[in-house]
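S.K.: The structure's right below; bear with me while I get my questions together.
The values are calculated or read from the model by the stated rules, or taken from the named source; none is laboratory data. None of the values given here were measured: they were computed from a predicted structure. Reconstructed Cβ throughout: ideal geometry from the backbone, glycine too, with neighbour counts over all protein chains shown. Accessible surface areas use protein heavy atoms only, side chains included; no ligands, DNA or RNA. Shrake-Rupley method; radii C 1.70, N 1.55, O 1.52, S 1.80 Å.
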Amino acid sequence: MQIIENEKKYDVVIVGSGAGGGMATKILTDNGLTVALMEAGPFFDPADQDQQLHLKWPYESPRRGKGSTRAFGDFHASYGDWEVDGEPYEMKGDTKFNWWRSRMLGGRTNHWGRISLRFGPNDFKRKSIDGLGDNWPINYEDVKPYYDKVDKLIGITGTKENIYNEPDGFFLPPAKPRLHELYYKKGAEKAGVKVIPSRLSILTKRISNERGVCYYCGNCGRSCGVYADFSASSCLVFPAQRNAQGRLDLYVNSMVREVSVDKYGKANGVIYINKDDNSEYRINAKVVVLAASACESARILLNSKSSYHKNGLGNSSNMVGKYLHDSTGTNNMAFIPDLMNRKTYNEDGMGNMHLYTPWWLDNKKLDFPRGYHIEIGGGLGAPMYGFGFDFNSLNKFFGLQVGGYGDRVRDEVKKYYGSTIFFASRGESVPNENNYCEIDPEKKDKYGIPILRFNYKWSDYERKQAKHANETINQIVDNIGGHMLWQNKGPDHGLLTPGEIIHEVGTTRMGSNPKTSVVNEYEQLHDAKNVFVVDGGPFVSQADKNPTWTILALSWRTSEYIVDQLKKQNI
Amino acid sequence: MNRRESLKTLVIGSLASSLVLEGCLPKEKEIIYENVWKYKYGRTPEELERDLKLLNQVFFSKEELNTIRVLANLIVPPTNEGNIDQAEVPEFIEFIVKDTPSFQGVLRDGLKWLDKTSTENFGKDFVSCSEIEQKNILDKVAFATRKKNKEEAFFSTIRNLVITGYFSSEVGIKDLGYKGNQPNVWDGVPEDILKEHGFSYKKDWNYKFLDPLKRNDIAEWDENGNLIT
Ligand SMILES: Cc1cc2nc3c(=O)[nH]c(=O)nc-3n(C[C@H](O)[C@H](O)[C@H](O)COP(=O)(O)OP(=O)(O)OC[C@H]3O[C@@H](n4cnc5c(N)ncnc54)[C@H](O)[C@@H]3O)c2cc1C
Ligand code: SF4
């Protein structure tokens, strides 16, 4: 197929407009560079009334919010979920991996949970602590200044706690906990489990005149129409566009296939398919920044084959795609009789829990190496599709009759409204070379781009951790007189399928040895000095935290490095 | 053409191929579009097209839909707070079976079974039975717990759809007492409720929670991360 050349030559082309790509766009354009931002999905602005999802009522959807075309519900601000039309992926043998993709400006940051946790000093040096996996080539002090800047630029709630491995930052005031959260705290503290206010990238206080303040609709997953939560589109790309005075070109519906190289094997831009006319185009740039999400960036590198890079770009080590790892996760739910027959009030609050449990134990005293944190859910939420199913099944805890119809329906639905708590443990897995994504030898997507194939298995490290999480939660529930709605049993102890926590990282890991890693400490390919990866790919290990705040901080750090290296004409 | 217009063109284009709009003038089509299309909530063009296709199909016959209405009124009887028709439960069920076709067989067979049973027992179809007779039939299938037979599974399915349909409607939401989905100033659980449950923010916490009055003052910190505004 003929490739159509774009005459313009950019300083930098960025692939993907999510967390990593959005941040790179902002920092690079603020520093005067000319940037092309490539995004596979359409333009998205949560404040555009045709695209807006927040403050809608369940009955504005003919299916009352059922997730028929969106896995997490009809109002979830995601174009794409575990499946994307015409873009399949495969799994090897009997292994399983669930891959969440969202194709839109801002990517997954439009609908993410806004849980914004810094890594702590230990999280960069796990090998030194337990001998497993590898250390990062950088430490907390290297990243701290960027975490601080991200806190101030984007905004985050929180409290000073002085916990060594949960470093404090520049916080906006926390919100008072909801009723079920107070019960959780009571039960948890009785069990010796720490509970602190949440660290969410939601504005409980104004940080600039460009963005609004949270008015507590509880639905950040729909993307905030007044920009009071963090989305890469509204908080990074739009401000960059306003500042850049024509130095930023946004290419939407543009699916990048590969990084192109000149006749000396040096990267000189990207080749993409314009979804509107199905033709292939080329963008010329001095520097290429990949931020298409960890697995997608690995895919682009592996598909960038040339006589110089037979194995794919940046892959002389054979490490691209390897060490893929996701957070661990279990889900539990409990019925709390003390929360029955509630007086109702507006309890929407912020778009996630108001408090949570960071990892509180020492693994040296446990039979598994890495920790987890606990997120919770519950309260007087909006009744959407699925509300009232098996309306009085909780009667069984009192030996009362289950089922029936008539006047009792109203009474029993109201009796149990808001009486359950949901618990999600999210933990650190041990990165493993045998968990990977690679190019499927045969299959291609609808654009003719070779697709990914996954190979991923949990080990006993993760299973034992899941078991511990279940036991902890059982104890907390017991302490507040609750009843578990189910028990996660062995052999997997309810460990969710790899990929399902949507914290997949590690596919282009960072290191100082080019034989065992893909990028250096500045997320720069060992094999190609003018190519960088700024999504979760460079993570050496995922902490017992969520990854996005670290993606943002590292992307900022890398962007400053790019500016500096261009100035010095090193790249 | 801006996005709004192009969506409209798409909607009208797809309506035009359906029976509803045959023979209408372009202007009339626009008016019908504005009237029938109340579900505007951030759909992608593909989703919009899918919904319009479904909204223009008919699955249940008039008789079946009437049986659903009668059944729904038995499951959630009308009160001053709201009723099944105000909650648009039959419309919701008609839509959901097209949206999620796995419901179709269960519900259609179940409705047939209702009429068959009522004819066998009372010599008339379900809707013509007295309320006592109708309940007599439902009581046979309404209390299943573990393993359900086909009829019990039908009743449990339709009961779930009716209850969810009722409570997710405008009247149902009020009836339930859900008070959110509107701009709010969150300052915690109301004092009286907090007290009833034996909690206190002041006693149990030593944090400075957000101050609703200072929410619009732009945040500033000292170098140690202490908020000073
Ligand atoms: C429901 C949900 C809840 C989450 N909650 C949290 C949370 O609370 N805390 C947290 O830290 N993390 C959370 N995450 C994870 C978080 O969203 C990701 O870590 C983060 O968005 C990853 O950023 P990224 O830079 O990889 O870009 P992404 O946000 O993944 O965006 C990548 C972008 O690249 C585009 N793209 C992909 N391929 C191509 C291509 N070939 N050409 C051009 N463009 C391409 C995509 O369309 C997309 O816009 C959550 C995720 C989900 C889905
Ligand atoms: S909870 Fe607050 S930040 Fe989140 S969408 Fe609602 S108003 Fe916006």
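S.K.: Can you confirm whether A:Asn331 is under 30 Å from B:Lys179 (Cα atoms) and either of a type in the set (A, V, I, L, M, F, W, C) or under 19 Å from the mean Cα position of the chain (by Cα) (or both)?
M.R.: So A:Asn331 passes the test.
S.K.: Which is within 16 Å of ligand 1 (Cβ to nearest atom), more than 14 Å from every other protein chain (Cβ to nearest Cβ) and touching a Ser or Thr at 6+ places or on another chain (Cβ under 8 Å), of A:Thr508, A:Thr558?
M.R.: Only one candidate qualifies: A:Thr508.
S.K.: Ok, one more. If only one of B:Glu94, B:Glu63 is modelled with pLDDT of 95 or more and under 24 Å from A:Phe389 (Cβ atoms), which one is it?
M.R.: Result of the check over B:Glu94, B:Glu63: B:Glu94.
S.K.: Would the stretch A:262-276 turn up any residue that is open to solvent by 20 Å² or more (accessible area, probe 1.4 Å) and not in a loop (DSSP other than H, G, I, E, B)?
M.R.: yes
S.K.: Considering only residues that are part of a helix (DSSP H, G or I) and within 14 Å of ligand 1 (Cβ to nearest atom), which ones fall in the stretch A:215-244?
M.R.: Correct list: A:Cys220, A:Gly221, A:Arg222, A:Ala232, A:Ser233, A:Ser234, A:Cys235, A:Leu236, A:Val237.
S.K.: Do we have A:Phe75 as facing another protein chain (nearest Cβ under 9 Å) and either farther than 29 Å from A:Leu248 by Cα or touching a helix residue (DSSP H, G or I) at 6+ places or on another chain (Cβ under 7 Å) (or both) here?
M.R.: So A:Phe75 fits the description; yes.
S.K.: Looking for something small (Gly, Ala, Ser), more than 12 Å from ligand 1 (Cβ to nearest atom) and either assigned to a loop (DSSP other than H, G, I, E, B) or crowded, with 22+ Cβ neighbours inside 10 Å (or both) - is there at least one such residue anywhere in the stretch A:512-526?
M.R.: Checked against the condition, which is being small (Gly, Ala, Ser), more than 12 Å from ligand 1 (Cβ to nearest atom) and either assigned to a loop (DSSP other than H, G, I, E, B) or crowded, with 22+ Cβ neighbours inside 10 Å (or both), the stretch A:512-526 yields at least one hit.
S.K.: Continuing with the same structure: Hey, among A:Phe391, A:Phe397, which residue is more than 24 Å from A:Leu496 (Cα to Cα), outside any loop (DSSP other than H, G, I, E, B), within 14 Å of another protein chain (Cβ to nearest Cβ) and hydrophobic (A, V, I, L, M, F, W, C)?
M.R.: Among A:Phe391, A:Phe397, only A:Phe397 is more than 24 Å from A:Leu496 (Cα to Cα), outside any loop (DSSP other than H, G, I, E, B), within 14 Å of another protein chain (Cβ to nearest Cβ) and hydrophobic (A, V, I, L, M, F, W, C).
S.K.: To continue, here is another question. With the structure loaded, tell me whether A:Ile501 is away from ligand 2 (no atom under 16 Å from the Cβ), in a strand (DSSP E or B), of a type in the set (A, V, I, L, M, F, W, C) and out of contact with any helix residue (DSSP H, G or I) (no Cβ under 7 Å at 6 or more places or on another chain) or whether it fails that test.
M.R.: no
S.K.: Of all residues in the stretch A:94-132, which are more than 13 Å from the chain's Cα centre (by Cα) and β-branched (Val, Ile, Thr)?
M.R.: Answer for the stretch A:94-132, where residues must be more than 13 Å from the chain's Cα centre (by Cα) and β-branched (Val, Ile, Thr): A:Thr95, A:Ile129.
S.K.: So is B:Ile163 outside any loop (DSSP other than H, G, I, E, B) and within 8 Å of chain A (Cβ to nearest Cβ) or not?
M.R.: yes
S.K.: Tell me, which helices (runs of 4 or more DSSP H) lie completely within the stretch A:118-214 with 3 or more residues that are touching a Pro at 6+ places or on another chain (Cβ under 9 Å)?
M.R.: The helices (runs of 4 or more DSSP H) meeting that bar are A:126-130, A:140-154.
S.K.: Can you pull out the residues in the stretch A:167-194 that are in contact (Cβ under 8 Å) with a residue 24 or more places away in the chain, touching a strand residue (DSSP E or B) at 6+ places or on another chain (Cβ under 8 Å) and open to solvent by 10 Å² or more (accessible area, probe 1.4 Å)?
M.R.: A:Phe171, A:Pro173, A:Arg178, A:Lys185, A:Lys194
S.K.: Give the number of residues within the stretch B:199-218 that are within 23 Å of A:Arg206 (Cβ to Cβ) and at the interface with another protein chain (Cβ under 9 Å from one of its Cβ atoms).
M.R.: 10
S.K.: Moving to a separate point now. Would you pick out the residues in the stretch A:216-248 that are open to solvent by 40 Å² or more (accessible area, probe 1.4 Å) and more than 22 Å from the chain's Cα centre (by Cα)?
M.R.: Correct list: A:Gln241, A:Arg242, A:Asn243, A:Gln245, A:Gly246, A:Arg247.
S.K.: Within the stretch A:464-506, track down each residue that is open to solvent by 50 Å² or more (accessible area, probe 1.4 Å), in contact (Cβ under 8 Å) with a residue 60 or more places away in the chain and in contact with a Phe, Trp or Tyr (Cβ under 9 Å, 6 or more places away or on another chain).
M.R.: Once the filter is applied, which keeps residues that are open to solvent by 50 Å² or more (accessible area, probe 1.4 Å), in contact (Cβ under 8 Å) with a residue 60 or more places away in the chain and in contact with a Phe, Trp or Tyr (Cβ under 9 Å, 6 or more places away or on another chain), the stretch A:464-506 yields A:Lys464, A:His483, A:Leu485, A:Glu500.
S.K.: Here is a follow-up. Within the stretch A:213-234, does at least one residue satisfy the condition of being more than 25 Å from B:Asp187 (Cα to Cα) and away from ligand 2 (no atom under 12 Å from the Cβ)?
M.R.: Checked against the condition, which is being more than 25 Å from B:Asp187 (Cα to Cα) and away from ligand 2 (no atom under 12 Å from the Cβ), the stretch A:213-234 yields at least one hit.
S.K.: Give just the number: which of (1) more than 30 Å from A:Asn474 (Cα to Cα); (2) surrounded by fewer than 22 Cβ atoms within 10 Å (Cβ to Cβ) does A:Ile156 not satisfy?
M.R.: (2)
S.K.: Hey, another quick one. With B:Glu170, B:Glu196, B:Glu191 as the choices, which residue is modelled with pLDDT of 95 or more, within 7 Å of chain A (Cβ to nearest Cβ) and open to solvent by 70 Å² or more (accessible area, probe 1.4 Å)?
M.R.: That would be B:Glu170, the only listed residue that is modelled with pLDDT of 95 or more, within 7 Å of chain A (Cβ to nearest Cβ) and open to solvent by 70 Å² or more (accessible area, probe 1.4 Å).
S.K.: For the stretch A:1-53, name all the residues that are within 16 Å of ligand 2 (Cβ to nearest atom), open to solvent by 10 Å² or more (accessible area, probe 1.4 Å) and in contact (Cβ under 8 Å) with a residue 12 or more places away in the chain.
M.R.: A:Asp45, A:Ala47, A:Gln52 - these are the residues of the stretch A:1-53 that are within 16 Å of ligand 2 (Cβ to nearest atom), open to solvent by 10 Å² or more (accessible area, probe 1.4 Å) and in contact (Cβ under 8 Å) with a residue 12 or more places away in the chain.
S.K.: Pairs, please: C-beta under 6 Å, at least 6 apart or cross-chain, first residue within 14 Å of B:Glu63 (Cβ to Cβ) and in the same structural domain as B:Glu152 (by TED's automatic domain parsing) and in the stretch B:102-125, second open to solvent by 70 Å² or more (accessible area, probe 1.4 Å) and of a type in the set (Val, Ile, Thr)?
M.R.: Partner pairs satisfying both residue conditions: none exist.
S.K.: May I ask you to list the residues in the stretch A:195-204 that are at the interface with another protein chain (Cβ under 8 Å from one of its Cβ atoms) and either open to solvent by 10 Å² or more (accessible area, probe 1.4 Å) or within 12 Å of ligand 2 (Cβ to nearest atom) (or both)?
M.R.: A:Thr204
S.K.: State which residue is least open to solvent (accessible area, probe 1.4 Å) when the search covers only the stretch B:199-218 and only residues that are among the basic types (Lys, Arg) and within 24 Å of A:Asp348 (Cβ to Cβ).
M.R.: Ranking the qualifying residues of the stretch B:199-218, first place goes to B:Arg215.
S.K.: Which residue out of B:Trp186, B:Trp221 is at the interface with another protein chain (Cβ under 7 Å from one of its Cβ atoms), within 30 Å of A:Lys144 (Cβ to Cβ) and surrounded by 14 or more Cβ atoms within 10 Å (Cβ to Cβ)?
M.R.: B:Trp221
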